[in-house]
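Note sheet for the following structure.
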Amino acid sequence: MRRIKLSPRVADFLIGLGLFTATLVVLVLLSRLTAIGAHEQKWTGAARAVGLWIDRAAHEGRAVLGGKLRDPMLAPVQAQCQLPALLSGYVWEVASHRHTWMTDTLGLRFGFLVFNALGVAMLYALVVQAWGRRVALFACAFYLLVPRSLHMLVGATGDGLAITAWLLLAAFYLRSLRGGSIGWTIATGAVFGLSLALSTSVLWLAGILIAHTIWARRAEAREAAKDGAITVPSALLAAIVIAPVVFLLCTPWLWNETGIRMRQLFTTSIAPSIVPTYYAGMLVAAPPLPKGFALRSVVLSLPTITVVLTGAGAAVLARRWWMARREQGEPERLSLGALIALAIVFAVAWPAISPDVLAVYPPRWILAFPWLGALAGVGLDACIGMASELLASRSARLRGAAIVGGASLILCVPAIESVRSPSTLAAAFSPLSGGARSVIESRTLPVNDAAMVAQIAPSIDEQARPSISIWAPDVGADVWDVLRANGRLRTVVRAAGNARDADMVLVSGGAGGEAVVRALLLRNGTPPALLGVVARDGAVLLSLYRVK
Amino acid sequence: MNQAGTSLQVRRARAATLLSVLLVALAELIAVLWGALRPSLGPALSSQARAAVAPMAHPGDGVVATPAAFAGPVLGLLGEAFPRESQVFVEPSRLQHAIELSLGGSSSPELSGWDTKQQSRVGSLRIRYLSNPKPVPLRYDLVAKLQPGDALVSSGPAGGAGAPCNHSTAAEVELPAGLPLPWAPRSRFSCGNDPRGFVGQVILDDARGTSRRCIWTFPTTNAVKVSWPKVAPGSFVRVGAIASRSPTGSTRAKVRFKANAAVIGEREVDASSTFDSFDLASPMLAGGGEITLEVEQLTEHLAPVCVEASVR
């Protein structure tokens, strides 16, 4: 047997690769159990169009590559999420369309799953640079083991890609900030373009990175100012030159009418917007917007143990910062800490303090998850450090067993919460924060999620009627088509105008759904017959009734 | 010595921190497992539930589903097999017997003190036939008698005669989102053009989730008045009243009862009110005659007020 000593860089690369592969396998397995949601339809539809275009290109050659045939294919998504849509389209064409290696659903999502898994590897790459392997692995675990996080990552969503894009750029930026070869600077510029092609929300991160650079290079900037000069980060210069080229190369939609389409893309990406959304049981469609939306969503959605460890991690970093002020130590650890703080402030605190005219509602609080995961990793690492010190006088075996046991308990809680029921992960508030009941009461249940509605589909098919009308006020009308297109539903479903004239009603749990059942009982003299329910932790999330 | 003391304090603080973190993890694990073990409800129980309820059902008996938050799915198990002549969502003191359908086996607080006569279990559903040890007989149900031949409805300034609200049995009308009722019932007294401004029998739930058949009113700047001219004799009126939450702010309303033009009692209600009943006793009720309900909004935040009332 030969022993091969790996350099730390190679070892970290291999660990990152292992994380990517393991995450991809988990996402693929969970994705097979989760129906395509209506909110994914745009992206999976684009992937299908790309796949058909590739199929046509294979038969008809280069003629179809022209703008006239390319544009209709990309029109549904335009310049958003093109890379994963192109990858998904190719995988679907080969593995689902030409062969039967993958189901349609998996083929259409595959590109998105690849980039979502890449996000986990990037989080590792980001954290390991400053805080070591143990913290980096914990950070990945705490990011992935959040029910809402996992639910988002098993599908084709813009939020998952935005997180990957942020982490990708942040990892390269932090590496280039440490200095070294010009290669990292050029690579950071190129990765900025690539990230932009994944999600235009990276523009916000660019602002955060500029603020971070000013903080990290403040001494240098002060020196330069004394000489009447200014300092400009080399990565920024590289980004300005290289990023647009890479972005354009990765975004075929912009190859025609480049100027007009670029302007449209960037103005819509950063423009304030309000989408009517429930907050604490009330529908908010206009200012004043609830300032606590992001913080409340984060606290309710993260497992409570993760929230506690995040607080512990923040306290550890604050202490390190305080110590470093006096001792001038640990600049890299602090640099990552500052970047995390800025990212969390942007995702959670900015929606609370921004004026309504600049607000994006609902805020994209989910972007905070990986950064909070990193803080929780610091918190757990600190706990392990404390346990080691407290048990220093005990035998190594006892110490090891106690630490592994405690860490396993802490990690298994979010793990169990996260993988227990893939179809209801969207409704998985932390049980100590009220659980699924709290989701129902606050009306934050995304019932347009076909993953959840798919659980009801067998009850509809059991009625053995070729066509029925359903009144489902909280479910998008297109969900039924999505389920049929993906083979989850046989019956043709028509949307009914009201509950009284419908064959069936599908209502969400809570007061609204109960009111409909009571009104039908009063009208007909008998309650509508229960045909199916989707439940989590004893709470009814959706229920299907037969009216006639 | 000081250094040793500080070190000990630091060790204790660290031990306490670690213990707290582990306790939170343990508490969350228990909560997760407890949630996973919660009873679930499914249509598979339907046929067994129907078979169990059928021999217990008698005309006039009540049907109570508990917990209140699951009333819809639990009653939905019975569907068209629901006993037609039974009473559901009524104040239970009037009942002699009731069938309780309980998901998970919790007892309905409304039926506390009742005697269990029969009991069976269907999966996670417990079905009990209960007997009321002290029923309070019903003399006149003001909610059930909200009919054109039995009641007169008007709307106008408080204390005045007001304009009559006409009864109709036209089609149901969808109500705006945000109200606790999806549509206005077919049989209703319409007061003006606002679809919310009707008076009719509905079923609403209170702040605790308890549902009741009650009289929907939507007083605006005007008070709503409902009169029953031919009420049977009794000794008191048992009342439960709630005001729904208004999206614009807190709602308060005054509910006033008169017997033969004399005020026998009034009560303020708001969004925190429940259907817990209160009795308005008066010698004016002994000979029967006219009972009048007046509902008056006390704030500018408009919301429906629902009143359950019966003469005993």
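Data overview
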read-out: All positions within the range A:533-548 that are outside any strand (DSSP E or B) and modelled with pLDDT under 90; value: A:537, A:538, A:548
read-out: Candidates B:209, B:192 - the one that is touching a Ser or Thr at 6+ places or on another chain (Cβ under 9 Å), at positive phi and not hydroxyl-bearing (Ser, Thr, Tyr); value: B:192
read-out: Residue that is within 14 Å of chain A (Cβ to nearest Cβ), β-branched (Val, Ile, Thr), touching an Asp or Glu at 6+ places or on another chain (Cβ under 8 Å) and closer than 30 Å to residue B:285 by Cβ, where the choices are B:203, B:215; value: B:215
read-out: Residue A:409 vs. criteria facing another protein chain (nearest Cβ under 10 Å), surrounded by fewer than 17 Cβ atoms within 10 Å (Cβ to Cβ) and either in contact (Cβ under 8 Å) with a residue 60 or more places away in the chain or in a helix (DSSP H, G or I) (or both); value: yes
read-out: Any helices (runs of 4 or more DSSP H) falling wholly within the range A:279-391 and containing at least 2 residues that are surrounded by 22 or more Cβ atoms within 10 Å (Cβ to Cβ) and of a type in the set (Ser, Thr, Tyr); value: A:293-301, A:304-327
read-out: Contacts under 8 angstrom Cβ, first residue in the range B:31-59 being at the interface with chain A (Cβ under 10 Å from one of its Cβ atoms) and in contact (Cβ under 8 Å) with a residue 12 or more places away in the chain, partner in a loop (DSSP other than H, G, I, E, B) and hydroxyl-bearing (Ser, Thr, Tyr), 6 or more apart; value: B:39/B:124; B:40/B:124; B:41/B:124; B:45/B:124
read-out: Among the candidates B:147, B:118, residue that is open to solvent by 50 Å² or more (accessible area, probe 1.4 Å), farther than 22 Å from residue A:519 by Cα and out of contact with any Asp or Glu (no Cβ under 6 Å at 6 or more places or on another chain); value: B:118
read-out: Test for residue B:27: is it more than 12 Å from chain A (Cβ to nearest Cβ), surrounded by fewer than 20 Cβ atoms within 10 Å (Cβ to Cβ), assigned to a helix (DSSP H, G or I) and of a type outside the set (Phe, Trp, Tyr); value: no
read-out: Residues of the range A:270-306 that turn out to be at the interface with chain B (Cβ under 10 Å from one of its Cβ atoms) and within 18 Å of the chain's Cα centre (by Cα), as a count; value: 2
read-out: Some residue of the range A:376-398 being away from chain B (no Cβ under 14 Å), touching a strand residue (DSSP E or B) at 6+ places or on another chain (Cβ under 7 Å) and of a type in the set (Ser, Thr, Tyr); value: no
read-out: Which listed residue is touching a helix residue (DSSP H, G or I) at 6+ places or on another chain (Cβ under 7 Å) and buried (at least 20 other Cβ atoms within 10 Å of the Cβ), from B:228, B:216, B:183; value: B:183
read-out: Enumeration of residues in the range A:100-157 that are outside any helix (DSSP H, G or I) and either touching a Pro at 6+ places or on another chain (Cβ under 9 Å) or free of Cβ contacts under 8 Å to residues at least 60 places away in the same chain (or both); value: A:100, A:101, A:102, A:145, A:146, A:154, A:156
read-out: Some residue of the range A:473-486 being more than 10 Å from chain B (Cβ to nearest Cβ), modelled with pLDDT of 90 or more and in contact with a helix residue (DSSP H, G or I) (Cβ under 9 Å, 6 or more places away or on another chain); value: no
read-out: Every residue from the range B:161-178 that is within 13 Å of chain A (Cβ to nearest Cβ) and open to solvent by less than 40 Å² (accessible area, probe 1.4 Å); value: B:172, B:175
read-out: The range A:122-139, residues that are open to solvent by 10 Å² or more (accessible area, probe 1.4 Å) and of a type in the set (A, V, I, L, M); value: A:122, A:125, A:128, A:130, A:137
read-out: Scan of the range A:449-468 for residues that are more than 32 Å from the chain's Cα centre (by Cα) and open to solvent by less than 10 Å² (accessible area, probe 1.4 Å), ordered by number; value: A:468
read-out: Residues (under 22 Å from residue A:346 (Cα atoms), free of Cβ contacts under 8 Å to residues at least 60 places away in the same chain and either in contact with a Pro (Cβ under 8 Å, 6 or more places away or on another chain) or open to solvent by less than 40 Å² (accessible area, probe 1.4 Å) (or both)) located in the range A:211-238; value: A:213, A:217
read-out: Members of the range A:8-34 found to be of a type in the set (Gly, Ala, Ser) and open to solvent by 60 Å² or more (accessible area, probe 1.4 Å), listed by number; value: none
read-out: Any hit, the range A:64-71, residues being open to solvent by 60 Å² or more (accessible area, probe 1.4 Å), modelled with pLDDT of 80 or more and in a helix (DSSP H, G or I); value: no
read-out: Only one of B:51, B:16, B:36, B:44 that is among the small types (Gly, Ala, Ser), at pLDDT 90 or above and within 21 Å of residue A:532 (Cβ to Cβ); value: B:51
read-out: Tabulated pairs, the range B:60-87, first at positive phi, second modelled with pLDDT of 90 or more and part of a helix (DSSP H, G or I), C-beta under 8 angstrom, 6+ apart or interchain; value: B:79/B:50
read-out: Failed item, numbered, when residue B:186 is tested on (1) away from chain A (no Cβ under 12 Å); (2) not aliphatic (A, V, I, L, M); (3) not in a strand (DSSP E or B); value: (1)
read-out: Check on residue B:14, over 23 Å from the mean Cα position of the chain (by Cα), more than 7 Å from chain A (Cβ to nearest Cβ) and of a type in the set (D, E, K, R); value: no
read-out: Failed condition for residue A:446, given (1) modelled with pLDDT of 80 or more; (2) away from chain B (no Cβ under 12 Å); (3) open to solvent by 20 Å² or more (accessible area, probe 1.4 Å); (4) at negative phi; value: (1)
read-out: Residues that are surrounded by fewer than 24 Cβ atoms within 10 Å (Cβ to Cβ) and under 24 Å from residue A:373 (Cα atoms), drawn from the range A:177-193; value: A:178
read-out: Set A:37, A:45: member being more than 14 Å from residue A:111 (Cβ to Cβ) and either over 19 Å from the mean Cα position of the chain (by Cα) or surrounded by 17 or more Cβ atoms within 10 Å (Cβ to Cβ) (or both); value: A:37
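So that you can scan it fast, the table gives a plain yes or no per residue for (1) in a strand (DSSP E or B); (2) at positive phi; (3) open to solvent by 40 Å² or more (accessible area, probe 1.4 Å):
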| residue | (1), (2), (3) |
| --- | --- |
| A:481 | no, no, yes |
| A:490 | no, no, yes |
| A:494 | yes, no, yes |
| A:501 | no, no, yes |
| A:531 | yes, no, no |
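The values are calculated or read from the model by the stated rules, or taken from the named source; none is laboratory data. All of these numbers come straight from a predicted model, not from anything done at the bench. So basically every Cβ, Gly included, is an ideal-geometry build from the backbone, and we count neighbours across all protein chains shown. Remember, those area values only see protein heavy atoms, side chains included, never the ligands or the DNA or RNA. Shrake-Rupley method; radii C 1.70, N 1.55, O 1.52, S 1.80 Å.
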